[in-house]
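Inspection log for the structure reproduced underneath, given as structure tokens.
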Amino acid sequence: KQEVTQIPAALSVPEGENLVLNCSFTDSAIYNLQWFRQDPGKGLTSLLLIQSSQREQTSGRLNASLDKSSGRSTLYIAASQPGDSATYLCASRPSGTYKYIFGTGTRLKVLA
Amino acid sequence: NAGVTQTPKFQVLKTGQSMTLQCAQDMNHNSMYWYRQDPGMGLRLIYYSASEGTTDKGEVPNGYNVSRLNKREFSLRLESAAPSQTSVYFCASTTTNTWTGGLDGYTFGSGTRLTVV
């Protein structure tokens, strides 16, 4: 059974820092992995989707990498801003299934 | 360009009451999902519908029923609400083309905040 873990659970950094959020999954046989952002009291917004055949995806200041063999994905945020403060969730979709398994998220606070 | 629409956004129920949460998507997605989100528990799958005409249980199906009314709509019903069902409920959809390995990710609705007293 796929399990997804995110470390750290919470992170507080000063504005301008580059930071890395980690996601690990137990079953490397996945279709893809998706990173989401969730603001307090809001829904989930998709940030990046990495297919199993890809190593990374980039969108603006965000870069997500995928290493299936080690069961790990990282979300890199460059030059963090207070507006980046949110909870970040990763979810993997195991091969042969129709559903994503979610981690419990990393709560990020960027201090001005 | 609505994406996934959930109604209602907020609801308060008394224990034992019933209600239906509605979800509709306009992206021609074939798969739809209901999740609940609780503090410290993350997102847990209640039910999903891989395609029109099919539904399957997720991790936490007890106390819920679902109906895939057509390709666009997927409803979640609480027959007899309990305080343990106080949560935020999210609907999501995606396209699952198995031959491509699932090219699309999830699109989520904005959620329904349900309180059972």
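The values are calculated or read from the model by the stated rules, or taken from the named source; none is laboratory data. Note that the coordinates shown come from a computational prediction; the quantities given were computed from them, not determined experimentally. Every residue, glycine among them, receives a Cβ derived from its backbone with ideal geometry; neighbour counts consider all protein chains shown.
How many residues does the stretch A:1-45 hold that are polar (S, T, N, Q), under 19 Å from A:Lys109 (Cα atoms) and within 12 Å of chain B (Cβ to nearest Cβ)? Residues flagged as polar (S, T, N, Q), under 19 Å from A:Lys109 (Cα atoms) and within 12 Å of chain B (Cβ to nearest Cβ) within the stretch A:1-45 amount to 3.
The residues of the stretch B:41-59 that are hydrophobic (A, V, I, L, M, F, W, C) and surrounded by fewer than 17 Cβ atoms within 10 Å (Cβ to Cβ) amount to a single one, B:Met41. In the stretch A:46-57, which residue that is at the interface with chain B (Cβ under 10 Å from one of its Cβ atoms) and not in a strand (DSSP E or B) is surrounded by the fewest Cβ atoms within 10 Å (Cβ to Cβ)? It comes out as A:Ser53. Checking each residue in the stretch B:46-90 for being among the hydrophobic types (A, V, I, L, M, F, W, C) and either touching a residue at least 12 places away in the same chain (Cβ under 8 Å) or farther than 18 Å from B:Thr5 by Cβ (or both) picks out B:Ile46, B:Ala50, B:Val60, B:Val66, B:Phe74, B:Leu76, B:Leu78, B:Ala81, B:Ala82, B:Val88, B:Phe90. Of everything in the stretch B:13-40, what is surrounded by 13 or more Cβ atoms within 10 Å (Cβ to Cβ) and either more than 12 Å from the chain's Cα centre (by Cα) or assigned to a loop (DSSP other than H, G, I, E, B) (or both)? Give them in sequence order. Matches in the stretch B:13-40: B:Leu13, B:Gln17, B:Met19, B:Met27, B:His29, B:Asn30, B:Asp38. What about B:Ser84, is it away from chain A (no Cβ under 12 Å), loosely packed, with under 15 Cβ neighbours inside 10 Å, at pLDDT 95 or above and in contact with a Lys or Arg (Cβ under 8 Å, 6 or more places away or on another chain)? When the stated conditions are applied, B:Ser84 does not pass them.
Tallying residues that are within 18 Å of A:Ser80 (Cβ to Cβ) and out of contact with any strand residue (DSSP E or B) (no Cβ under 8 Å at 6 or more places or on another chain) within the stretch A:1-16 yields 1. Looking across the stretch A:93-109 at every residue that is facing chain B (nearest Cβ under 8 Å) and in a loop (DSSP other than H, G, I, E, B), the one that is nearest to A:Ala29 (Cα to Cα) is identified as A:Ser95. Candidates in the stretch A:71-92 are the residues that are part of a loop (DSSP other than H, G, I, E, B) and touching a residue at least 40 places away in the same chain (Cβ under 8 Å); of these, the one that is surrounded by the most Cβ atoms within 10 Å (Cβ to Cβ) is A:Ser80. If I filter the stretch B:101-108 for residues that are over 23 Å from A:Ser52 (Cα atoms) and assigned to a strand (DSSP E or B), do I get at least one hit? Taking every residue of the stretch B:101-108 in turn, none turns out to be over 23 Å from A:Ser52 (Cα atoms) and assigned to a strand (DSSP E or B). Within the stretch A:58-92, the set of residues being of a type outside the set (Phe, Trp, Tyr) and either in contact with a Gly (Cβ under 9 Å, 6 or more places away or on another chain) or within 11 Å of chain B (Cβ to nearest Cβ) (or both) comprises A:Ala78, A:Ala79, A:Ser80, A:Gln81, A:Thr87, A:Leu89, A:Cys90, A:Ala91, A:Ser92.
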